[in-house]
1. Search the range 20-48 for residues being part of a loop (DSSP other than H, G, I, E, B) and of a type in the set (V, I, T), and hand back the single one that is most open to solvent (accessible area, probe 1.4 Å).
2. Got at least one residue in the range 57-67 being polar (S, T, N, Q), closer than 20 Å to P88 by Cβ and open to solvent by 40 Å² or more (accessible area, probe 1.4 Å)?
3. Got a sec? Which of A101, A135, A96, A110 is under 28 Å from G9 (Cα atoms) and loosely packed, with under 12 Cβ neighbours inside 10 Å?
4. Pick from E115, E51, E74: which is open to solvent by 60 Å² or more (accessible area, probe 1.4 Å), at pLDDT below 85 and not hydrophobic (A, V, I, L, M, F, W, C)?
5. Please identify the pairs in which a residue from the range 1-19 that is loosely packed, with under 10 Cβ neighbours inside 10 Å has its Cβ atom under 8 Å from the Cβ atom of a residue that is modelled with pLDDT under 90 and not in a helix (DSSP H, G or I), counting only partners at least 6 apart or on another chain.
6. Would you confirm whether or not the range 162-173 contains a residue that is touching a Lys or Arg at 6+ places or on another chain (Cβ under 9 Å), farther than 19 Å from Y196 by Cβ, modelled with pLDDT of 75 or more and surrounded by 13 or more Cβ atoms within 10 Å (Cβ to Cβ)?
Amino acid sequence: LKDHLRSMGYEVCGHAARGEAALRAILELRPDLVLMDINLGGGMTGLDVAERLRGVFDVPLLFITAYSDGEITERVGRSGSFGYLVKPFEPRVLGANIELALARHSATIALRASEERFRELSEQLRQSQERYELALEGADLGAWDWNIQTGAVIFNSRWAEMRGFALDEVEPHVNAWISGVHPDDLPRVQRVLTDYHDGKAPA
């Protein structure tokens, strides 16, 4: 197996015959990928090692075994492994599975990073919105915002008070703003909005 791996350009950083030794070596050497037999000849099995690694060291695991019964395959699936090869196997099949496991692991890491970044940006947006609302309240300013693309309307309690409404009396839609436009200006405002919705530049 070492010869096959080296001939494919991989560096073999260590090996172990028993589960306990394998666990220690993996945590010490921090490999990019682990090839693991399920039956390790007493003590911890390869599946036991995989379960002990979960949450401790994130490494793609590729199981190699002579056993393929239903219970074992079910445990392999739960272990979070990235592959499962039944002996005997072709070296080219091993190489293909290694590359697939490495690619899947890289994609998983990238996805986690994207999700974490999304959570960070969402939290920043929430905090920014809170600061904006506090600033408005502190300055005693009314705010009313209409997204003419989505139709969403947002306003604060001070705006409703300035317009002479109780907060629960205000309809949260565009009419709350249109009703405040002077009759002499209303035709031009409606024309501008119509042009915008039709994709034309506002007059």
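The values are calculated or read from the model by the stated rules, or taken from the named source; none is laboratory data. Just so we're clear, the structure is a prediction, and the values are computed from it rather than from any experiment. Note: ideal-geometry Cβ built from the backbone for every residue, glycine included; neighbour counts use all protein chains shown. What goes into the accessible areas is simple: the full protein's heavy atoms, side chains included, and nothing from ligands, DNA or RNA. Shrake-Rupley method; radii C 1.70, N 1.55, O 1.52, S 1.80 Å.
1. Filtering the range 20-48 for residues part of a loop (DSSP other than H, G, I, E, B) gives 30-33, 38-45.
From what's left, of a type in the set (V, I, T): 38, 45.
Details: I38: 12, T45: 42 Å².
So, considering only residues that are part of a loop (DSSP other than H, G, I, E, B) and of a type in the set (V, I, T), the one most open to solvent (accessible area, probe 1.4 Å) is T45.
2. No: the range 57-67 contains no residue that is polar (S, T, N, Q), closer than 20 Å to P88 by Cβ and open to solvent by 40 Å² or more (accessible area, probe 1.4 Å).
3. On the way: A101 fails: loosely packed, with under 12 Cβ neighbours inside 10 Å; A135 fails: under 28 Å from G9 (Cα atoms); A96 fails: loosely packed, with under 12 Cβ neighbours inside 10 Å.
When all the criteria are applied, what remains is A110.
4. Numbers: E115 fails: at pLDDT below 85; E51 fails: at pLDDT below 85.
None of the other options fit; the residue is E74.
5. K2/H15
6. Step one: filter the range 162-173 for residues touching a Lys or Arg at 6+ places or on another chain (Cβ under 9 Å), giving 170.
Still in the list and also farther than 19 Å from Y196 by Cβ: 170.
Now restrict to residues that are modelled with pLDDT of 75 or more: none.
For the range 162-173, residues touching a Lys or Arg at 6+ places or on another chain (Cβ under 9 Å), farther than 19 Å from Y196 by Cβ, modelled with pLDDT of 75 or more and surrounded by 13 or more Cβ atoms within 10 Å (Cβ to Cβ): absent.
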